[in-house]
Each structure stands twice: as C-alpha cells, then as structure tokens.
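Heads up, the thing below is written out as structure tokens.
The values are calculated or read from the model by the stated rules, or taken from the named source; none is laboratory data. Since the structure is predicted, the reported quantities are computational estimates derived from the model, not experimental observations. Heads up, the Cβs are rebuilt from the backbone with ideal geometry, glycines too, and the neighbour counts pull from every protein chain shown.
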Amino acid sequence: MIDETGDHKDGHKTAHVARQYLGNLGKIDNGVVSVTSLWADERVYYPLEIEPYTPESYFAKGKDDPDFRTKLKIALQLVQAALQERWPFRAVVADSFYGEDRGLRGGLRKLSVPYVMALKPSHAWWHPVDVAGSLQEVAREAGWVSCEQPGQWVHISRTFRDGSTQDWWALEVVAGPYGPAQVERAVVATTDPVTLPDATTWYLVSNLPAPTERPTTEHRFAPASLEEVIRLYGLRMWVEQSDKQVKHTLGWSQYQVRSDKAIRRHWQLVCCAFSFCWYHAGHPTSKPTEEAQEYSDPEASPSTSVPADAAGTGGKNQRGPKSATTPVLAGGPAGGARMVGAVDHAMALLASVVRAAPTTSSPVLA
C-alpha cells in the first residue's frame, strides 16, 4: 500500500521543508512530506519503508536536476524495494493521486505487479459526443432502477470486524480503454447507485484479470472478482484513517530535529513502536492489571505535600513521592538487565483500529 503524509513545520532550516501541499491539512502550507509503503491484510498492517520527498527548490536545476524525484517516482521505487525484499502481496493499492498517473501504472505493469488504485469521478477518455465518456457518466447510465432491478450493478456485502455489514453495489465498466478483455479494468463501487455519494463511491482501476468461464489466455495474475477488487481497496480506507491516527498518537510529526538522518531515525522509532504494539496484541505475555485497563480515564493524582525546604522554589523541586505515579506498565517479573515489557495500553491504542477493520473473504494477502 502506497500513501503519503504531510506535516506542518515552521521555519526553513529543517531538511525537506518547503511550502507544498500537505494532505493532513488539505492545503498548501510550510511542511515536510513523506511517501510511505506498508503491508496490510484484514488482520494487521505495519510500515515497510519511508522516504521523504525533497522539493525542487533544493536542487540547482529544479525539476530538471537528475537527483530530483517526484512522489510518483518515489512510490515506484518503494514497490521495487518491496519486490527485492520478497514481500508477498496480492496488489499495490493507492489513491487517485497515484492511480491517475499513467506512467506509474505503466511502470508497475513493467514490473509485473498487480494493482488496484483509485481514479477521479471525472476520469475520461476520447468518445463521441453522444456516448458516455467518463466513469461517472457510465455509472449513471448502468440501468439502475431498484434493488430488484439493478441493471448492470452487482450486489456486494461488506462485513467488518465488529460484525456489522454494509450493502454496496459494484459495476464492471466496459467503455473506452477499460473492460474485462482489456489491459486494465475499471470498477465503480458505491452504496447508492442513484446519487453516487462522494464519501462512499469509489472509482477504481486494476490490471487484475476478471474471472471468465472459459479463459482463452493465460494471465500473469490470479483473476479477481468484483468483490475482491473492492476488498483490496477497502483495506486502504481502513489503514489510511487509522494509520494517521496511530502515527499522531505515537508522535510521528513531533520531532525536534532538523537533519535528514535525524528525521529518518525518528520515523523509524515511531514505526518500531507501532510494530511493537501489533506484536503485543498478537503475543500477550501477561494479563493486564486492572488499573492499566482503566488507564484511558485515569483519576486525578492525589495531592501531595511539599517539603518546607522546597516551598517557594522552582517547579522542578516540588515533586511528589514516586508512589503517586499512575501504573501503566504491564505486570510481570521484577525488572532486570533485559528488554522492558510493552505498556498495557498498546491494546487500547489498537482497539479502535481493529474494531473498524474489514473481515477477510479469502486468505489472499493485500
């Protein structure tokens, strides 16, 4: 899965900082942007690689400088790194910023890599005036009347980890350069084929072949049904929202360093902490204490008296006894010369993430 993160940063001395579009803020501002890759399925996800984007203003020849890399080029390099490290995955998943770029899609096909990426609703191709020429136009002409008369729409039921389900409808686009018999397929998925709401309508492109009753050619990738295409892209929606939340909790952008190496080290530490949380969730070593389970809503610490000789001195000297500290570490044997145990609220950190996760419909990795 390919995504990017943009964080606000003041000043001009920090490496890679510039006025540029920051996705987290949804506007152009001063900040640092990084392109990331992560591995995901319906059970777990964790980061693989992080690469900062360096704006053209840092290079003598700007965008013509041989060392300058666009975000799209960085994304392709991250996929190449995953292939070199032999990470198993069903498809590369990304949003419309990457999906709309034909060069990136062509580069992935040259690498023999399958993908499922988003397109814009207005994504269009050459067409006669009286023929639908965009994904949204094709979706509106797909013959929907009602649930009993869906026309070309196919019903898909999405099930989530908490047991809830949601009815979706999918359309296999056969128009322009797209179709089951073409190099690329286009799929529209929505909760409402009539209004095509922005928040719950996806316009997707994929080079995964469609299932056929009588395959005439041998495909490089296993066929993917409409349900699987939607499942794969659904992983991105889950990961994108929860990953940003978790990275913020762990202090992704809260670094007070300026050099490129120091920033990369900070990001690696955050990724390690996130991975430790997932490991703790899958390998519990001790039962969390009652106090730690209630740590999400701790009571105020009891007031402590200040020694007379410390009265009137700075805040550093006015400390309470150590016993006033709220216990948050996992229970276990006495500490020693070894690695400390994970904090008990790692489970709480991941609780909302897992609750909203989609369930698996097949053992295939994403």
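So, in segment 167-197, of the ones that are within 22 Å of the chain's Cα centre (by Cα) and without any contact (Cβ under 8 Å) to a residue 60 or more places away in the chain, which residue ends up nearest to Pro211 (Cα to Cα)?
Looking at residues that are within 22 Å of the chain's Cα centre (by Cα) and without any contact (Cβ under 8 Å) to a residue 60 or more places away in the chain, I get Val187.
Criterion first (surrounded by 20 or more Cβ atoms within 10 Å (Cβ to Cβ) and at pLDDT 90 or above) does Ser259 satisfy it?
Working: surrounded by 20 or more Cβ atoms within 10 Å (Cβ to Cβ): no; at pLDDT 90 or above: yes.
So Ser259 fails the test.
Tell me, yes or no, whether segment 84-105 has at least one residue that is at positive phi and in contact (Cβ under 8 Å) with a residue 40 or more places away in the chain.
No, every residue in segment 84-105 fails to be at positive phi and in contact (Cβ under 8 Å) with a residue 40 or more places away in the chain.
What is the residue count in segment 198-210 for residues that are surrounded by 13 or more Cβ atoms within 10 Å (Cβ to Cβ) and either outside any strand (DSSP E or B) or of a type in the set (S, T, N, Q) (or both)?
Total satisfying the criteria: 7.
So, in segment 46-76, exactly how many residues are in contact (Cβ under 8 Å) with a residue 24 or more places away in the chain, among the small types (Gly, Ala, Ser) and surrounded by fewer than 17 Cβ atoms within 10 Å (Cβ to Cβ)?
Residues in segment 46-76 being in contact (Cβ under 8 Å) with a residue 24 or more places away in the chain, among the small types (Gly, Ala, Ser) and surrounded by fewer than 17 Cβ atoms within 10 Å (Cβ to Cβ): 1 in total.
Between a residue in segment 136-152 that is touching a residue at least 12 places away in the same chain (Cβ under 8 Å) and farther than 15 Å from Thr191 by Cβ and any residue that is of a type outside the set (A, V, I, L, M, F, W, C) and part of a helix (DSSP H, G or I), which pairs come within a Cβ distance under 6 Å, given they are 6 or more apart or on different chains?
Nothing qualifies.
Tell me which of these Leu48 doesn't satisfy, since it passes every other one: (1) part of a strand (DSSP E or B); (2) touching a His at 6+ places or on another chain (Cβ under 7 Å); (3) within 22 Å of Val246 (Cβ to Cβ).
Only one criterion in (1) part of a strand (DSSP E or B); (2) touching a His at 6+ places or on another chain (Cβ under 7 Å); (3) within 22 Å of Val246 (Cβ to Cβ) is unmet by Leu48, namely (2).
With modelled with pLDDT under 95, in a loop (DSSP other than H, G, I, E, B) and of a type in the set (Ser, Thr, Tyr) as the only criterion, which of Thr217, Thr195 stands out?
Exactly one residue qualifies, and that residue is Thr217.
One line per residue, one yes/no per condition, for (1) small (Gly, Ala, Ser); (2) in contact with a Pro (Cβ under 8 Å, 6 or more places away or on another chain); (3) closer than 27 Å to Met1 by Cβ:
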{"residue": "Gly106", "(1), (2), (3)": "yes, no, yes"}
{"residue": "Arg109", "(1), (2), (3)": "no, no, yes"}
{"residue": "Met117", "(1), (2), (3)": "no, no, yes"}
{"residue": "Val129", "(1), (2), (3)": "no, no, no"}
{"residue": "Trp144", "(1), (2), (3)": "no, yes, no"}
{"residue": "Cys147", "(1), (2), (3)": "no, no, no"}
{"residue": "Arg158", "(1), (2), (3)": "no, yes, yes"}
